[in-house]
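Student: Handing you this structure, nothing more for now.
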Amino acid sequence: MKAAAFEYVRAASLADALRELKDAKPISGSQSMGPMLNLRLARPGRIVDVSRIADLRAVSEAGDVVRVGAAVTHAEIEDGKHALLRHPFMQHVASGIAYRAIRNRGTIGGSLAHADPAADWPLALSALDARLELSKAGATRQVRAGEFMLGAFTTLLEDGEIITAVLLPKLGPTLRWGYYKLCRKTGEFPHASAAAAFDARTGLARVVLGALDGPPTALDELARRIAQHGPAAATEEVLAQAVASAMPNADGIDRQIHTAALERCLAQAFGVSSANTV
Ligand SMILES: Cc1cc2nc3c(=O)[nH]c(=O)nc-3n(C[C@H](O)[C@H](O)[C@H](O)COP(=O)(O)OP(=O)(O)OC[C@H]3O[C@@H](n4cnc5c(N)ncnc54)[C@H](O)[C@@H]3O)c2cc1C
């Protein structure tokens, strides 16, 4: 099947894009939008390509955060192309997305906007408590990554509004992290996933469960307990309870799979080898 006819506009600047986006759909790496167009699940009359806008391709320091342009690709993060993003957590997450051909084109902003419940960046950036910068003509706002996704394939984005950047807290040597996905086949979306990020220096303490029916869900009580009492407080029973509260309608097998992902993620973060600190 081929896509229905549409008008294609390549935006040269952010101002250009925001002007052109009226009654149009943005496209970035086209790794999700391309198949949707071909299957005619999406039939926009006009598409605005934001993938070449310099501001969306840049990574820079902005006070206490790193500003990651929305059109930075998964492969660029995996390869450590930008020194400011050269951290094992970011590179580990990026390198586990789909397979290389998709990572070459797919972007961090496109992944967040697409809002697949099993996608990697919504989970990872929620665990890091990153913020997203959203822009539309005449207005820019910031939202927490963990609050951006409202449901499966549904976000806070308004008509004519795009993600322009991810505002990432600076990741340093004191960050303890875990990121674990259970996939039936390498390169496929996971069946269960979990991310953890603890940093005694900044007070960050987040544990988030992904690949649920809706958005990634933060397990705040569990994270508080671990931050206060150490990883030994995350007993089998405590983990099972945390998972049950995050997925009340799931069956026992699904809960067990998510609990396994969570256990392995925490073992990564607090393993005796300290492999996941830099
Ligand atoms: C076979 C396959 C396997 C995959 N496996 C994984 C996986 O394991 N983990 C994972 O996380 N992802 C996976 N993906 C998705 C992949 O990571 C995509 O790259 C990503 O979801 C979309 O990014 P994109 O830049 O290609 O966005 P596009 O396809 O260009 O756009 C996707 C959506 O986002 C919107 N959009 C794009 N950019 C912006 C922006 N800046 N602001 C607002 N809206 C925007 C578009 O309008 C569209 O609705 C897989 C995809 C495929 C085809």
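Student: State whether one or more residues within region 8-25 are near the ligand (Cβ under 9 Å from one of its atoms), under 25 Å from Ala101 (Cα atoms) and modelled with pLDDT of 95 or more.
Tutor: Looking for residues that are near the ligand (Cβ under 9 Å from one of its atoms), under 25 Å from Ala101 (Cα atoms) and modelled with pLDDT of 95 or more, one finds at least one in region 8-25, hence yes.
Student: With Asp23, Asp16 as the choices, which residue is out of contact with any helix residue (DSSP H, G or I) (no Cβ under 7 Å at 6 or more places or on another chain), assigned to a loop (DSSP other than H, G, I, E, B) and not assigned by TED's automatic domain parsing to the domain that holds Ile97?
Tutor: Just a single option satisfies the conditions, and that option is Asp23.
Student: Would you confirm whether or not region 92-112 contains a residue that is more than 8 Å from the ligand (Cβ to nearest atom), surrounded by fewer than 18 Cβ atoms within 10 Å (Cβ to Cβ) and closer than 30 Å to Ala15 by Cβ?
Tutor: Yes, there is a match, as at least one residue in region 92-112 is more than 8 Å from the ligand (Cβ to nearest atom), surrounded by fewer than 18 Cβ atoms within 10 Å (Cβ to Cβ) and closer than 30 Å to Ala15 by Cβ.
Student: Then there's this: Within region 137-154, identify whether any single residue is surrounded by fewer than 21 Cβ atoms within 10 Å (Cβ to Cβ), under 30 Å from Ala24 (Cα atoms) and within 12 Å of the ligand (Cβ to nearest atom), and answer yes or no.
Tutor: Yes, because at least one residue in region 137-154 is surrounded by fewer than 21 Cβ atoms within 10 Å (Cβ to Cβ), under 30 Å from Ala24 (Cα atoms) and within 12 Å of the ligand (Cβ to nearest atom).
Student: Cβ contacts < 6 Å: first residue farther than 19 Å from Asp49 by Cβ and in the same structural domain as Glu76 (by TED's automatic domain parsing), restricted to region 96-109; second residue within 7 Å of the ligand (Cβ to nearest atom) and of a type in the set (Gly, Ala, Ser), any location; separation 6+ or different chain. Result?
Tutor: Close Cβ pairs (under 6 Å, with a partner that is within 7 Å of the ligand (Cβ to nearest atom) and of a type in the set (Gly, Ala, Ser)) amount to Ala98/Gly187; Tyr99/Gly187.
Student: Next question. Considering only residues of region 183-223 that are in contact with a helix residue (DSSP H, G or I) (Cβ under 7 Å, 6 or more places away or on another chain) and among the polar types (S, T, N, Q), which is surrounded by the fewest Cβ atoms within 10 Å (Cβ to Cβ)?
Tutor: Among them, the one singled out is Thr217.
Student: Quick check: anything in region 169-182 within 16 Å of the chain's Cα centre (by Cα), over 21 Å from Gly151 (Cα atoms) and surrounded by fewer than 22 Cβ atoms within 10 Å (Cβ to Cβ)?
Tutor: Yes, region 169-182 has at least one match.
Student: Taking the condition of being farther than 21 Å from Glu161 by Cα, over 11 Å from the mean Cα position of the chain (by Cα) and not hydroxyl-bearing (Ser, Thr, Tyr), how many residues in region 96-120 meet it?
Tutor: So the answer is 8.
Student: When region 1-21 is examined, which residues are found to be touching a residue at least 60 places away in the same chain (Cβ under 8 Å) and within 26 Å of the chain's Cα centre (by Cα)?
Tutor: Those that are touching a residue at least 60 places away in the same chain (Cβ under 8 Å) and within 26 Å of the chain's Cα centre (by Cα): Leu14, Ala17, Leu18, Leu21.
The values are calculated or read from the model by the stated rules, or taken from the named source; none is laboratory data. Because the structure is predicted, anything quoted here is derived from the model rather than measured. Because the Cβ atoms are built from the backbone with ideal geometry, glycine has one as well, and the counts that use them run over all protein chains shown.
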